[in-house]
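Participant: Pasting a structure here, questions to come.
Every read-out reported here was derived from the displayed coordinates using simple, explicitly stated rules and does not represent laboratory data. Since this is a predicted model, take the numbers as computed values, not measurements. Ideal geometry is used to build each Cβ from the backbone, glycine not excepted, and the neighbour counts take in all protein chains shown.
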Amino acid sequence: MHNVDELIDQATGAQRRVIYADPAIYEQELERIFGRCWLFLAHESQIPKPGDFFRTYMGEDEVVVVRQDDRSIEVFLNTCTHRGNRLTRADRGNARAFSCNYHGWAFGIDGSLATVPLEREVYFNEIDKDQFRLVPVDNVASYRGLIFGCFDKDAPSLEDYLGDMRWYLDTALDAMPEGTELIGATQKVVLHTNWKLPVENVCGDGYHLGWSHAGAMKATQSGDLSGFTVGNTGVDLEGGMSVAGLNGNSVLASLDGVSGYAFYPEPALALKYLTENRAKVVARLGKFRGEKLWGSQLNLTIFPSLQFLPGLNWFRVYHPKGPGQIEMWTWAIVEKNMPDELKQQILDNVLLTFGPAGLFDNDDGDNLASCTSQSRGWRTRQMPVYTNMALGRSGQRAGLPGDIASGIVSEHNQRYFYRRWQEHMQAKDWSEVPQYNLNPLEAKDEQRTVQAA
Ligand code: FES
Ligand SMILES: [Fe+2]
């Protein structure tokens, strides 16, 4: 067994490569990270009506998220309580009951065991149906349309888990009173990578953009991205920021208010929408978020496995499938009040840039798979790799929560991601997991509450 203290060195930004390859470490992650943290399940827009359901994963546990008759949301293990067959095989749909394919037990959408074939003849009416209800996920809550579940009864509330990250999230989720929705089918890709590598790539790695994605950027870029140039020949560090120190959650942000749409071959429609709605958003969210963040390229990461990029507008969750494989699920996220023509253009652009045929995703997938397979070598996995760029150069900025490094080319956010990973892996339970919101918001600053789901 590895000593977790030695796997990450926060002082130097080093990670031991064994964390990307070792099955025992992966098993510990299932227990201490995916078994403990709040995990994204579905967007409320995906299950609007009673009986609507969505099948997904929490770590490697398959769950089904179901809208109830009273509009609340319940989440159950998607497993039959008789002999353990998978319950629903549909990805999503609407149901009045879930029937098991194996022997025909049927469960209500509230998880109750409704009918048992031959109940009188072979169970002699003695079966205690309450004992065989579907197994519920203990904690379910929503934040601005995003439904999360958590297996650990001792976890902090979703509100505390997100902490001051909510201030940044609201730029994407609450700019408009109508909120957001996910559109398009679930785009599923199996990638041969350890789950941490795509998360660290998106949470903070602006460094690879001009190099890995030079071709994709040339093909799609129609605007500036904080003075960022293809080929890594220059970057404007004042034009962006890397924000971390928010309980493992992080933000990578350009600060120009339009660069989210820099990678659209035809951005005119999106830019018109931004211009027409800017004043309204400033009135809701204030000048900094309304002018500098809304419309900018943002990378938002909720630890451990949810990421979305307003502007490019993809929304993604990673499901681990062993130490060297993931299923990556992607949708397009849009503001509900956007014109239909713009929503369609956003969905088309997500397909062009990310997802199974996306220009950017294909660049990344190859690199991430290679970083993973390289880590399997007996000698290679003993060596460290580093995220030491701009180490020690972060600080606090008045009115902005978190510990902030300048620019989007920095490895600041990755270091905090691995710090959070190590904190969870070291802790026996939630009482040992430190909570931190560096440079917390003042009480006068608006914070939104979490709805009970
Ligand atoms: S395993 Fe589901 S009814 Fe038997
Ligand atoms: Fe990338």
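Participant: Exposure proxy check: C203, C371 ranked by fewest other beta carbons within 10 Å? Please list the in-between numbers first.
Facilitator: On the way: C203 25, C371 18.
Ranked by crowding around the Cβ, least crowded first: C371, C203.
Participant: Given the stretch 175-243 reduced to its alpha-carbon atoms as identical point scatterers, what log10 I(q)/I(0) does the Debye formula return at q = 0.14, 0.27 Å⁻¹?
Facilitator: -0.69, -1.14
Participant: Let me ask another. Here are some pairs, K280/K343; K49/K196; K292/K321; K153/K287; K321/K343; K129/K428; which of them have Cα atoms lying more than 30 Å apart in this structure?
Facilitator: Values: K280/K343 20 Å; K49/K196 35 Å; K292/K321 38 Å; K153/K287 39 Å; K321/K343 32 Å; K129/K428 35 Å.
Exceeds cut-off: K49/K196; K292/K321; K153/K287; K321/K343; K129/K428.
Participant: Mind listing the long-range amide H neighbours of A42? Cut-off is under 5 Å, sequence gap 5 or more, other chains count too, H placed in the peptide plane at 1.01 Å from N.
Facilitator: I147
Participant: Which percent, nearest 5, of DSSP beta bridges in the chain are antiparallel?
Facilitator: Details: 77 of 77 bridges.
Among the beta bridges of the chain, antiparallel pairing accounts for roughly 100 percent.
Participant: Another question about this same structure. Are there cysteines in the chain with no second cysteine's Cβ under 4.7 Å away, and if so, which?
Facilitator: Taking the Cβ cut-off of 4.7 Å, the unpaired cysteines of the chain are C37, C150, C203, C371.
Participant: Further question on the same structure: Mind giving me the nanometre distance, one decimal, between the label points for H208 and S431, set 7 Å out from Cα along Cα→Cβ?
Facilitator: With each label placed 7 Å out from Cα toward Cβ, I get 4.0 nm.
Participant: Once you list every other residue whose beta carbon is under 9 Å from the beta carbon of M383, what net charge do they have if Lys and Arg are +1 and Asp and Glu are -1?
Facilitator: Values: positive: R16, R17, R379, R381; negative: none.
Neighbourhood net charge equals +4.
Participant: Sorted by average packing, counted as other Cβ atoms within 10 angstrom per residue and highest first, what order do 157-170, 290-303 take? It would help to have the intermediate numbers written out before the result.
Facilitator: Values: 157-170: 21.6, 290-303: 24.1.
In decreasing order of mean packing, 157-170, 290-303 become 290-303, 157-170.
Participant: Another question, then. Using 10 Å bins from zero, what percent of all Cα-Cα pairs in the chain falls into each bin?
Facilitator: With 10 Å bins starting at 0, P(r) equals 4, 20, 31, 26, 13, 4, 1, 0.
Participant: Right, next: Sorting check: for 241-254, 373-386, which peptide has the highest mean count of neighbouring beta carbons within 10 Å, and how do the rest follow? Show your work: numbers first, answer last.
Facilitator: Numbers: 241-254: 27.5, 373-386: 13.4.
Top to bottom by mean Cβ count within 10 Å: 241-254, 373-386.
Participant: Ranked from highest to lowest mean number of other Cβ atoms within 10 Å per residue, what is the order of the peptides 337-345, 119-127, 74-82, 34-42? Don't jump to the answer; show the numbers that get you there.
Facilitator: Working: 337-345: 15.1, 119-127: 9.9, 74-82: 20.7, 34-42: 24.1.
Ranking the peptides 337-345, 119-127, 74-82, 34-42 by packing returns 34-42, 74-82, 337-345, 119-127.
Participant: Under the rule of -39500 (n - 2.57) per DSSP H run of 4 or more residues, summed and divided by the residues of the chain, what mean residue ellipticity at 222 nm is obtained, to the nearest 500 deg cm²/dmol? Can you show the working numbers first?
Facilitator: Working: 11 runs with 109 residues, N = 453.
Theoretical 222 nm ellipticity from helices: -7000 deg cm²/dmol.
Participant: Hey, if you put +1 on the Cβ of every Lys and Arg and -1 on every Asp and Glu Cβ in the stretch 180-337, which of N337, Q307, W195 ends up farthest toward the positive end of that dipole?
Facilitator: The residue sitting farthest along the positive end of the dipole is N337.
Participant: I would also like to ask the following. Where the only charges are on Cβ atoms (+1 Lys, Arg; -1 Asp, Glu), what is the dipole of the chain about its Cα centre, to the nearest 20 debye?
Facilitator: Details: 44 positive and 58 negative charges, 88 e Å.
Rounded to the nearest 20 debye, it is 420 debye.
Participant: Please report, to two decimal places, log10 I(q)/I(0) for the stretch 39-140 at q = 0.13 Å⁻¹ as given by the Debye formula with identical point scatterers on the Cα atoms and no solvent.
Facilitator: Cα-only, vacuum Debye calculation for the stretch 39-140: -0.44.
Participant: Between V65, S375, L255, whose Cα lies farthest towards the positive end of the dipole of the chain when Lys and Arg beta carbons carry +1 and Asp and Glu beta carbons carry -1, centred on the Cα centre?
Facilitator: S375
Participant: Could you tell me the center-to-center distance, by alpha carbons, between the stretch 140-192 and the stretch 376-442 in angstrom?
Facilitator: So the separation of the two Cα centres works out to 21 Å.
Participant: Counting Lys and Arg as +1 and Asp and Glu as -1, what is the net charge of the other residues whose Cβ lies under 10 Å from the Cβ of Y20?
Facilitator: Details: positive: R16, R17, K196, R376, R381; negative: D22.
Summing Lys/Arg as +1 and Asp/Glu as -1 gives +4.
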